[in-house]
1. Give region 33-69 a look and list any residue that's under 20 Å from residue 158 (Cβ atoms) and among the small types (Gly, Ala, Ser), or say none.
2. With the condition kept exactly as written, say whether any residue in region 34-44 is under 20 Å from residue 139 (Cβ atoms), modelled with pLDDT under 90 and among the polar types (S, T, N, Q).
3. Only one of 6, 71 is at pLDDT 95 or above and either over 26 Å from residue 145 (Cα atoms) or assigned to a strand (DSSP E or B) (or both); which?
4. If we scan region 92-100, do we find a residue that is buried (at least 20 other Cβ atoms within 10 Å of the Cβ), at pLDDT 95 or above and at negative phi?
5. Sort out which residues of region 75-104 are part of a loop (DSSP other than H, G, I, E, B) and either under 14 Å from residue 134 (Cβ atoms) or in contact with an Asp or Glu (Cβ under 9 Å, 6 or more places away or on another chain) (or both), and write them in order of number.
6. Which one is farthest from residue 70 (Cα to Cα) among residues in region 105-119 that are assigned to a helix (DSSP H, G or I) and open to solvent by 30 Å² or more (accessible area, probe 1.4 Å)?
7. State whether the residues of region 120-140 include one that is modelled with pLDDT under 90 and open to solvent by 20 Å² or more (accessible area, probe 1.4 Å).
8. Would you point out which residue out of 24, 43 is among the charged types (D, E, K, R) and either in contact with a strand residue (DSSP E or B) (Cβ under 9 Å, 6 or more places away or on another chain) or in contact (Cβ under 8 Å) with a residue 24 or more places away in the chain (or both)?
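The values are calculated or read from the model by the stated rules, or taken from the named source; none is laboratory data. Just so you know, these numbers come straight off a predicted model, no measurement behind them. Here Cβ is always computed from backbone atoms with ideal geometry, including for glycine, and neighbour counts include all displayed protein chains. To get the accessible areas, we keep the full protein, side chains included, count just its heavy atoms, and leave off ligands, DNA and RNA. Shrake-Rupley method; radii C 1.70, N 1.55, O 1.52, S 1.80 Å.
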Amino acid sequence: MTTVFTTMDSPLGTLLLSGTLDEEHGFALTAVTAPGQKYALAEPAADWQPDPDTLAPVVEQLTAYFAGERTTFDLPLAPVGTEFRRRIWQSIDDIPYGTTVTYGQLADAAGQSPNAVRAVGGAVGANPLLIIRPCHRVMGANGSLTGFAAGIDAKRWLLAHENGKATGQLF
């Protein structure tokens, strides 16, 4: 299995896109990283292979999203995480474009106890597929813009973008 990558310019800055590629399973996206993102590689690892052709569908879909022409993504995904995190991440996929939910609502949607809100927050914060898996749509219980691995300004921009109110670029 080979890890492939490319970069793309976006309103959030240069995004690093990476995925796995093998003959048996083909390509699957493993990460979308924004500049300054917590707990993520800022640069490709030394053994990663540049492959803009394989990642072209990801670039095309993200470009359409930023242009306001796409509200969902149709890509093969293979994020690495525990079973609990993968269950939370899959629940994030069900949050409709332009809407938000609280961490408590997300916990409930994922079949978790309301007492699991902190663990749910940890899973949301560890989401390796920014934008594709829309963790920016998860809010604090009082509707506040809490935590986002790429920063609150990026979260604010993405939410404004999805509601037709974003202007220009963040960076």
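1. The first filter runs over region 33-69 and keeps only residues under 20 Å from residue 158 (Cβ atoms), leaving 33-40, 42, 58-69.
Those that are under 20 Å from residue 158 (Cβ atoms) and among the small types (Gly, Ala, Ser): 34, 36, 40, 42, 64, 67, 68.
2. Let us first name the residues in region 34-44 that are under 20 Å from residue 139 (Cβ atoms), namely 34, 37-38.
Remaining after also requiring modelled with pLDDT under 90: 37-38.
Going one step further and asking which of them are among the polar types (S, T, N, Q), we end up with 37.
Yes: one or more hits.
3. On the way: 71 fails: either over 26 Å from residue 145 (Cα atoms) or assigned to a strand (DSSP E or B) (or both).
6 is the lone residue from the list that is at pLDDT 95 or above and either over 26 Å from residue 145 (Cα atoms) or assigned to a strand (DSSP E or B) (or both).
4. Keep residues of region 92-100 that are buried (at least 20 other Cβ atoms within 10 Å of the Cβ), which gives 92.
From the residues that got through so far, the ones that are at pLDDT 95 or above too are 92.
The next check asks that each one be at negative phi; those that pass are 92.
Scanning region 92-100, I find at least one residue that is buried (at least 20 other Cβ atoms within 10 Å of the Cβ), at pLDDT 95 or above and at negative phi, so the answer is yes.
5. First, the residues of region 75-104 that are part of a loop (DSSP other than H, G, I, E, B): 75-76, 78-82, 93-100.
Listed by number, the residues that qualify are 75, 79, 93, 94, 95, 96, 97, 98, 99, 100.
6. Applying the first criterion (assigned to a helix (DSSP H, G or I)) to region 105-119 yields 105-109, 114-119.
Pick out the ones that are also open to solvent by 30 Å² or more (accessible area, probe 1.4 Å) and you get 105, 108-109, 114-115, 117-119.
Details: 105: 25, 108: 27, 109: 24, 114: 33, 115: 35, 117: 30, 118: 31, 119: 31 Å.
Here the residue is 115.
7. Restricting attention to region 120-140, the residues satisfying the condition of being modelled with pLDDT under 90 are 140.
Checking which are open to solvent by 20 Å² or more (accessible area, probe 1.4 Å) leaves us with none.
Checking region 120-140: not a single residue is modelled with pLDDT under 90 and open to solvent by 20 Å² or more (accessible area, probe 1.4 Å).
8. Details: 24 fails: either in contact with a strand residue (DSSP E or B) (Cβ under 9 Å, 6 or more places away or on another chain) or in contact (Cβ under 8 Å) with a residue 24 or more places away in the chain (or both).
Only one candidate passes the filter, namely 43.
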